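The values are calculated or read from the model by the stated rules, or taken from the named source; none is laboratory data. This structure is a prediction, so every number in the text was calculated from the model and none was measured. Every residue, glycine as well, gets a Cβ built from its backbone with ideal geometry; the counts of neighbours run over all protein chains shown. Ligands, DNA and RNA are stripped out before the accessible areas are found, and what is left, the full protein with its side chains, is counted by its heavy atoms. Shrake-Rupley method; radii C 1.70, N 1.55, O 1.52, S 1.80 Å.
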Amino acid sequence: QVEFTSRLGEVIVLPSSFEGKDPEPFHPAIQRITNFWANGTWKGPDAKLGAYWHQDGQFWVRPRHNVLSVLHAQKTPPTGGETGFADLRAAFATLSRPLVERASRASIECSVRDIADFARGTEDDLASFPDARHPVLDVHSMDGGPMLYVGSPHMKVVGLEDESPEAGRGLLEMLLAHATGPSFTYFHAWSVGDVIVWDNTQTLHHAMPYRNDGRAERELYRTQARVTVDEGGGRGDEL
């Protein structure tokens with residue numbers, strides 16, 4: 001999987017303290033998305049990663065946020081545990097004019113310290129990531145196509161005429177609700193051996209619930225590649 005991922009771009013290795021401190025043994029580029037530790041013991045009923053709509057790579061400064069994810073199913077529960085995907089290009093295309101005008105000057109600010117899955121990160125690892133900013137109404141770095149960039153519910157919105165936190169949260173919640181509606185979402189029911197590759201700059205994803213009682217295992221291997229974009233890419237890219 002790591003070899004395949006390297007054909008897509010620069011393989012990303014996150015600090016081991018991020019996302020549950022559970023990399024695949026001897027393969028630091030593989031993040032184990034699972035309810036069991038590598039030694040076979042159950043992590044407990046609260047073990048979950050990515051159980052909210054988000055974009056991987058939102059915490060990287062531009063243009064390092066151009067990240068592809070590869071997810072490979074190793075073990076799946078009998079029911080539940082799907083992964084939802086939301087199309088941020090289609091969501092942008094159907095925004096109402098008043099909402100476009102309201103969001104036109106807005107950006108999201110992202111800190112690794114605000115991301116729920118990184119709550120157990122060490123101070124040294126967290127400090128190595130500067131805060132990132134992305135325009136909410138963005139364009140894709142490779143073809144200039146318009147899209148939303150909303151990150152996740154943990155983001156801070158800046159650039160609005162009303163700079164209050166309430167106004168920013170309200171806009172973000174409205175955009176997330178729009179983008180994750182039935183018209184723009186697909187929910188993949190995993191079978192062992194399935195592989196999905198997606199572009200995080202234009203896609204939200206969400207790990208869905210399942211019965212995590214210590215009997216059924218849900219294990220997926222995630223790797224990531226950073227795509228290098230040519231000069232003249234998306235708005236705000238620093239190349």
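The residue list Ala132, Ala103 contains one member that is among the aliphatic types (A, V, I, L, M), in contact (Cβ under 8 Å) with a residue 12 or more places away in the chain and in contact with a Cys (Cβ under 6 Å, 6 or more places away or on another chain), which is Ala132. Scanning the stretch 120-163 for residues that are small (Gly, Ala, Ser), in contact with a strand residue (DSSP E or B) (Cβ under 6 Å, 6 or more places away or on another chain) and farther than 15 Å from His54 by Cβ gives a single hit, Gly159.
Would you confirm, using the coordinates I've provided, whether Tyr186 is open to solvent by 80 Å² or more (accessible area, probe 1.4 Å) and either aromatic (Phe, Trp, Tyr) or in contact with a Gly (Cβ under 6 Å, 6 or more places away or on another chain) (or both)? For Tyr186, the condition - open to solvent by 80 Å² or more (accessible area, probe 1.4 Å) and either aromatic (Phe, Trp, Tyr) or in contact with a Gly (Cβ under 6 Å, 6 or more places away or on another chain) (or both) - is met. Can you name the condition, by its number, that Val150 falls short on among (1) over 16 Å from the mean Cα position of the chain (by Cα); (2) closer than 14 Å to Thr203 by Cα; (3) β-branched (Val, Ile, Thr)? Failing condition for Val150: (1).
Please find, within the stretch 108-121, the residue that is farthest from Glu161 (Cα to Cα) out of those that are open to solvent by less than 20 Å² (accessible area, probe 1.4 Å) and not aliphatic (A, V, I, L, M).
Gly121
Is it the case that His178 is in contact with a Phe, Trp or Tyr (Cβ under 6 Å, 6 or more places away or on another chain) and crowded, with 18+ Cβ neighbours inside 10 Å? Spelling it out, it is not the case that His178 is in contact with a Phe, Trp or Tyr (Cβ under 6 Å, 6 or more places away or on another chain) and crowded, with 18+ Cβ neighbours inside 10 Å.
Residue check: Asp87 meets all listed conditions (1) open to solvent by 60 Å² or more (accessible area, probe 1.4 Å); (2) within 29 Å of Lys48 (Cβ to Cβ); (3) modelled with pLDDT under 95 but one, namely (3).
Restricting attention to the stretch 48-73, the residues being open to solvent by 20 Å² or more (accessible area, probe 1.4 Å), touching a Phe, Trp or Tyr at 6+ places or on another chain (Cβ under 8 Å) and within 22 Å of Asp194 (Cα to Cα) number 2. Does the stretch 122-129 include one or more residues that are modelled with pLDDT of 95 or more, over 16 Å from the mean Cα position of the chain (by Cα) and surrounded by fewer than 14 Cβ atoms within 10 Å (Cβ to Cβ)? No, the stretch 122-129 has no match at all. The residues of the stretch 182-239 that are of a type in the set (Ser, Thr, Tyr) and either closer than 26 Å to Pro153 by Cα or at pLDDT 95 or above (or both), listed by number, are Ser183, Thr185, Tyr186, Ser191, Thr201, Thr203, Tyr210, Tyr221, Thr223. Selection of strands (runs of 3 or more DSSP E) fully inside the stretch 82-156 by the criterion of at least 1 residues being closer than 28 Å to Glu219 by Cβ and of a type in the set (Val, Ile, Thr) returns 83-87. In this structure, Gly81 does satisfy being open to solvent by less than 10 Å² (accessible area, probe 1.4 Å), farther than 30 Å from Glu166 by Cβ and small (Gly, Ala, Ser). Taking the criterion of being within 18 Å of His205 (Cβ to Cβ) and crowded, with 16+ Cβ neighbours inside 10 Å, the residues of the stretch 153-175 that qualify are His154, Met155, Leu172, Leu175.
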